[in-house]
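Computed from the coordinates by the stated procedures, all read-outs in this text should not be read as laboratory data. Keep in mind the model is a prediction, meaning the values are calculated, not measured. Here Cβ is always computed from backbone atoms with ideal geometry, including for glycine, and neighbour counts include all displayed protein chains.
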Amino acid sequence: MRIRLINPLVPYSMLGGDFYFRLPTLGLLKVAALTPPEHTVDIVDEKVEALDLDEPVDLVGITAMTPAAYRAYALADHYRSKGVPVIMGGMHATKCPEEALEHCDAVVQGEAEGVWPQVLLDAAESRLKKTYRQDGFPSLDHLPIVNWDLYKGKKYLPVHFVETTRGCPYDCDFCSVTDSYGAKFRNRPIDQVERELGTLKPFEGRFILKNVVFFVDDIINSRADYSKDLFRRLIPYNLKWLGQATSLVTRDTEMLTLMRRSGCLGVLIGFETLSDTSLSSVGKNFNKPQNYLDIINRLHDHGIGINGSFVFGFDHDDESVFDRTLDFVVKAKLDSCYFSILTPYPGTDLHKKFTDEGRIFDLNWEHYNTNTVVFRPMKMSPEKLMEGYHGLLKGFYTYGSIFKRLWGSGTKTNFFGPMNFGFRQTIKRMTARGPYSLTEETKTLSAPA
């Protein structure tokens with residue numbers, strides 16, 4: 001069969017059309033790697049290329065995060081109208097399978113390993129089931145190595161994505177990772193990670209870092225023994241790498257040293273908020289705001305940059321939260337930040353809580369992009385939350401803030417400088433549409449068809 005895998009574009013958000021940087025999608029590469037060799041596979045990512053809707057295919061697979069759901073459904077409807085079977089997967093279809101099945105022939109819920117080959121067998125024999133989901137969570141042993149040549153010629157940033165671990169034991173209320181991937185860490189054998197790293201080809205071109213890897217694990221410091229062994233193995237590869245870590249990473253000086261020696265450029269850390277009360281309310285008690293400055297300084301002392309993640313709209317947030325946060329992140333010299341609005345994604349405890357309390361006023365999935373208010377906050381209006389959020393974004397990415405934060409930080413300014421200027425362009429695009437205001441349409445509990 002001729003199989004087309006599609007990543008639909010998220011319109012107008014930092015998760016999609018507004019985002020200055022074009023990053024590759026690892027998930028579809030993994031699905032392609034699971035596809036038996038008798039089939040042909042191509043991948044179309046609407047972030048970087050147009051989709052030819054008239055090109056003949058025998059089967060379509062579509063992945064989608066929540067804000068891309070409507071675009072995914074429109075594409076699915078188009079292909080089905082031409083008699084092409086459509087399989088949907090990804091986070092949104094996993095959490096809302098009945099909704100997705102109104103537009104597709106089958107839904108793969110959860111991880112594709114152990115499921116995708118059976119889906120293709122059933123599709124070839126015209127006996128697709130409505131849903132596919134394996135019992136439990138698959139082992140990460142003997143995962144097939146992805147083929148990056150499928151992305152050759154696409155205008156992505158020069159970075160390879162690699163996975164070593166799935167799962168998270170922390171189960172924060174606003175996050176679906178624990179429910180989706182399990183409450184225990186599943187580590188991939190390091191020999192196999194090394195084998196995959198050995199297949200990666202350096203990027204070509206002037207003025208670019210040629211061996212950049214982003215480890216997509218939700219927590220790169222999942223288990224100290226595993227992480228340290230991984231970092232030791234990375235040292236000979238002369239990589240520059242990035243990942244995501246918890247605030248607990250700085251407790252282990254040996255780990256920080258190994259991260260630096262193995263080429264760590266920076267890590268994203270979910271600080272979330274400066275409020276102990278808010279952290280406790282969403283189940284992230286291990287974060288201690290009084291320790292944030294020490295955490296940042298320790299990482300900087302090892303030459304490791306920090307992309308700090310902060311969320312706004314918690315029940316204890318009032319209008320002063322934006323100035324207090326901006327003050328802190330600039331004084332702390334955070335290399336970059338991802339600021340987001342609290343978003344009650346389907347399948348999360350937060351979504352259930354806000355639904356039970358009648359606080360969700362907007363069911364348009366396109367607005368579930370972490371940059372739009374879809375619920376009623378406790379201590380400010382939705383309009384004030386949006387206005388304060390936009391003001392914070394603009395304030396953090398002024399030229400003055402960028403230079404003040406990066407000057408003398410001890411991290412790679414040649415990396416974080418362009419990152420900040422790229423984010424600045426993203427913010428300009430996103431905020432150019434003006435301040436948020438409730439319309440009669442968004443006040444109703446109805447979503448577009």
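Below, the figures for the structure above:
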{"item": "Size of region 2-132 as Cα extents on the principal axes (Å, biggest first)", "result": "42, 30, 29"}
{"item": "Computed label-point distance, nm, for sites Lys184 and His78 using a 7 Å Cα→Cβ extension", "result": "4.4"}
{"item": "Counted charge near Phe423, where neighbours are those whose Cβ lies closer than 13 Å (Asp, Glu -1; Lys, Arg +1)", "result": "+3"}
{"item": "Over 28 Å between alpha carbons, listed pairs Lys95/Lys284; Lys152/Lys240; Lys95/Lys353; Lys129/Lys154; Lys95/Lys228; Lys228/Lys352", "result": "Lys129/Lys154; Lys95/Lys228; Lys228/Lys352"}
{"item": "Given charges at beta-carbon only (K, R positive; D, E negative), |dipole| of region 137-197 in Debye", "result": "260"}
{"item": "The chain, helix-only ellipticity at 222 nm - DSSP H runs n ≥ 4, -39,500 (n - 2.57), divided by all residues, nearest 500", "result": "-10000 deg cm²/dmol"}
{"item": "Cleavage-rule hits, trypsin sites (Lys or Arg not before Pro), region 360-408, DSSP coil, Cβ neighbours within 10 Å at most 16", "result": "Lys379"}
{"item": "Phi to ³J(HN,Hα) by Karplus 6.51 cos²θ - 1.76 cosθ + 1.60 over region 58-68, Hz, x for Gly, Pro", "result": "9, 8, 10, x, 10, 9, 7, 6, 3, x, 9"}
{"item": "Estimated distance in nm for a label pair at Ala224 and Arg324, the labels positioned 7 Å out from Cα along Cα-to-Cβ", "result": "3.3"}
{"item": "Percent RCO, i.e. relative contact order, over region 187-306, from Cα pairs under 8 Å lying at least 6 residues apart", "result": "22"}
{"item": "Relative contact order of the chain, defined on C-alpha pairs under 8 angstrom at six or more residues apart (%)", "result": "13"}
{"item": "Extension gain, Met378 back to Thr131 (0.36 nm per residue minus Cα-Cα distance, nm)", "result": "85.1 nm"}
{"item": "Whole-Å distance, taken between Cα centres, linking region 175-252 and region 282-308", "result": "19"}
{"item": "Largest-first principal axis extents of the Cα set of region 303-440 (Å)", "result": "48, 29, 26"}
{"item": "Pair Phe421, Gln290: separation of 7 Å Cα→Cβ label points (nm)", "result": "4.2"}
{"item": "Per-residue ³J(HN,Hα) for region 307-315, Karplus 6.51 cos²θ - 1.76 cosθ + 1.60, θ = phi - 60°, Hz, x for Gly and Pro", "result": "9, x, 9, 10, 10, 10, x, 4, 4"}
{"item": "Label-reachable residues, region 303-317, where backbone N falls under 18 Å from a point 7 Å from Arg260's Cα toward its Cβ", "result": "303-307"}
{"item": "Computed FRET value (nearest 0.05) for Asp52 with Asp276, which takes r as the C-beta separation and R₀ as 41 Å", "result": "0.20"}
{"item": "Around Asp54: net Lys/Arg minus Asp/Glu count, Cβ-Cβ under 13 Å", "result": "0"}
{"item": "Debye intensity ratio in log₁₀ form over the Cα atoms of the chain, taken at each q of 0.06, 0.10, 0.13 Å⁻¹", "result": "-0.25, -0.75, -1.34"}
{"item": "Computed over region 25-73, the ratio Rg/Rh where both radii use C-alpha atoms and Rh is Kirkwood", "result": "0.95"}
{"item": "Unit charges on C-beta of K, R, D, E only; dipole of the chain, Debye", "result": "1560"}
